[in-house]
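Step one of this worksheet: look at the structure below.
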Amino acid sequence: MIPNNTFNLQDFTISMANGIPVLKFNMFRATIKETQVFKSNLIHLKSANHRFIIIDFTECAFIDSAIVGVMLTEVKELRNMKGDILIIAAPGAISNLFSQTGLDRVFKKFGSLSSALASLST
């Protein structure tokens, strides 16, 4: 289980907010080279019985299709466990990508951590 503090995994930070893991991309571009570490982090969180995971792209302006592919695979598994992946994205490239590709119909997208957490308490 992940403690209620923050630790860095090179280009990622995982922290806990109200018992929900928040995986933050600390990079401008998330490319295929980060895919395996990203996937491993999600699998680890899932295996620790976290049904809800928040992914924070506020520092990111680009995500590779391989990252999106991992998210699609993992969200399907989490939903089978009655969980979900929530996305935090600031206005700009990532938000536009989600809107233009229809990913905003697959993932719940929020502008802040507080709004993502509030959606889980309703």
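Some notes on this structure:
- Those residues of segment 1-27 which are farther than 17 Å from Leu117 by Cα, in a strand (DSSP E or B) and either among the aliphatic types (A, V, I, L, M) or at pLDDT 95 or above (or both), in sequence order: Leu9
- Ile32 farther than 23 Å from Arg79 by Cβ and either free of Cβ contacts under 8 Å to residues at least 40 places away in the same chain or among the hydrophobic types (A, V, I, L, M, F, W, C) (or both): yes
- Here Val70, Val106, Val75 are screened, and the one residue that is touching a residue at least 24 places away in the same chain (Cβ under 8 Å) and in contact with a Ser or Thr (Cβ under 7 Å, 6 or more places away or on another chain) is Val70.
- Per-region count, segment 44-57, residues in contact with a strand residue (DSSP E or B) (Cβ under 6 Å, 6 or more places away or on another chain) and in a loop (DSSP other than H, G, I, E, B): 2
The values are calculated or read from the model by the stated rules, or taken from the named source; none is laboratory data. For clarity, every value in this text was computed on a predicted model and none was experimentally measured. Reconstructed Cβ throughout: ideal geometry from the backbone, glycine too, with neighbour counts over all protein chains shown.
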